[in-house]
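The values are calculated or read from the model by the stated rules, or taken from the named source; none is laboratory data. Here the structure is a predicted model, which means the values were calculated and not measured. Methodologically, a virtual Cβ is constructed for each residue, glycine included, from the backbone with ideal geometry; neighbour enumeration extends over all protein chains shown.
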Amino acid sequence: MKQAQRQERSRREILQAAMEEFGTYNYSDVTIDNICSRHGISKGMMYHYYSGKDDLFLLCAREMFQALKEHMDTLPFPSPGQTDPEAIRELFRAREAYFETRPLEKHIFENVLFNTPGHLAGQLNDLRLPLRELNRQRFRQAVSRMELRAPLDEEAVSRYLECIESLFWPLVNQYQGGESIGDLPSLEAVSTQVLDMVLFGIVRQER
């Protein structure tokens with residue numbers, strides 16, 4: 001095996017170990033000692049390639065955001081025959097459907113959003129920016145065709161949807177009382193109910 005191939009294999013082994021640790025534990029609970037000892041990696045090799053815990057966490061976040069954006073890029077928006085509200089619902093659900101079979105990546109995503117290490121906030125925000133821009137474009141595309149109530153405008157509603165998108169799944173979880181939702185159809189039903197209340201309110205409007 002050539003040296004370049006050995007180096008690449010070592011980098012991938014370290015990345016996989018870091019993904020498992022940050023995908024299982026909160027940022028504050030992960031240590032270089034645990035990454036090395038639990039995954040049979042020498043500290044010498046670790047520090048040969050990476051400067052430390054922060055370097056590895058940023059690498060894991062970059063990998064996660066890139067993979068998620070690539071997945072979202074492949075989804076048609078809107079799908080044929082969808083109304084604009086249905087397209088927005090689907091956009092909200094698409095991320096959770098992606099994470100359904102990727103628990104490590106989901107935990108890293110939640111660490112970035114809800115347990116953000118303060119000293120890494122700027123770098124993490126930069127890594128997330130391409131995904132946020134994709135969502136922003138799609139929200140604006142849907143909102144531009146919707147009849148909005150006065151005095152709302154497209155810019156205000158698009159910014160509102162961006163804010164809600166980050167907080168939506170913790171909201172669904174709290175709505176369920178923290179209980180696990182057992183299957184995808186049930187998840188879709190609950191998320192649709194919550195999203196309808198978020199988007200359209202709870203009080204019947206007089207015509």
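Determine whether GLN141 is at pLDDT 85 or above, of a type outside the set (Asp, Glu) and under 28 Å from THR24 (Cα atoms). Considered against the rule, which asks whether it is at pLDDT 85 or above, of a type outside the set (Asp, Glu) and under 28 Å from THR24 (Cα atoms), GLN141 comes out as no. Scoring CYS36 on the criteria (1) hydrophobic (A, V, I, L, M, F, W, C); (2) in contact with a Leu (Cβ under 7 Å, 6 or more places away or on another chain); (3) modelled with pLDDT of 95 or more leaves a single failure, condition (2).
Checking GLY177, GLY201 one by one, the residue that is under 30 Å from ASN26 (Cβ atoms), without any contact (Cβ under 8 Å) to a residue 60 or more places away in the chain and not aliphatic (A, V, I, L, M) is GLY177 and no other.
Which residue out of ALA61, ALA67 is surrounded by fewer than 15 Cβ atoms within 10 Å (Cβ to Cβ), part of a helix (DSSP H, G or I) and among the small types (Gly, Ala, Ser)? Don't jump to the end; show me each part of the working.
Values: ALA61 fails: surrounded by fewer than 15 Cβ atoms within 10 Å (Cβ to Cβ).
Result of the check over ALA61, ALA67: ALA67.
Listed conditions (1) surrounded by fewer than 16 Cβ atoms within 10 Å (Cβ to Cβ); (2) more than 15 Å from the chain's Cα centre (by Cα); (3) at negative phi are all met by PRO78, apart from (1).
In the range 86-203, which helices (runs of 4 or more DSSP H) lie fully inside it and hold 1 or more residues that are charged (D, E, K, R) and closer than 18 Å to LYS69 by Cα?
Of the helices (runs of 4 or more DSSP H) lying wholly inside the range 86-203, those with at least 1 residues that are charged (D, E, K, R) and closer than 18 Å to LYS69 by Cα span 103-114, 121-143, 154-175.
Across the range 75-85, a minimum of one residue is classified as modelled with pLDDT under 95 and outside any loop (DSSP other than H, G, I, E, B).
On the stretch given as the range 137-161, residues that are under 20 Å from the mean Cα position of the chain (by Cα), in contact (Cβ under 8 Å) with a residue 24 or more places away in the chain and surrounded by fewer than 16 Cβ atoms within 10 Å (Cβ to Cβ) total 0.
Scanning the range 29-53 for residues that are more than 24 Å from ALA67 (Cα to Cα) and either in contact (Cβ under 8 Å) with a residue 40 or more places away in the chain or charged (D, E, K, R) (or both) yields ASP29, ASP33, ARG38, LYS43.
Residues in the range 39-54 that are assigned to a helix (DSSP H, G or I) and either surrounded by 13 or more Cβ atoms within 10 Å (Cβ to Cβ) or among the hydrophobic types (A, V, I, L, M, F, W, C) (or both): HIS39, MET45, MET46, TYR47, TYR49, LYS53, ASP54.
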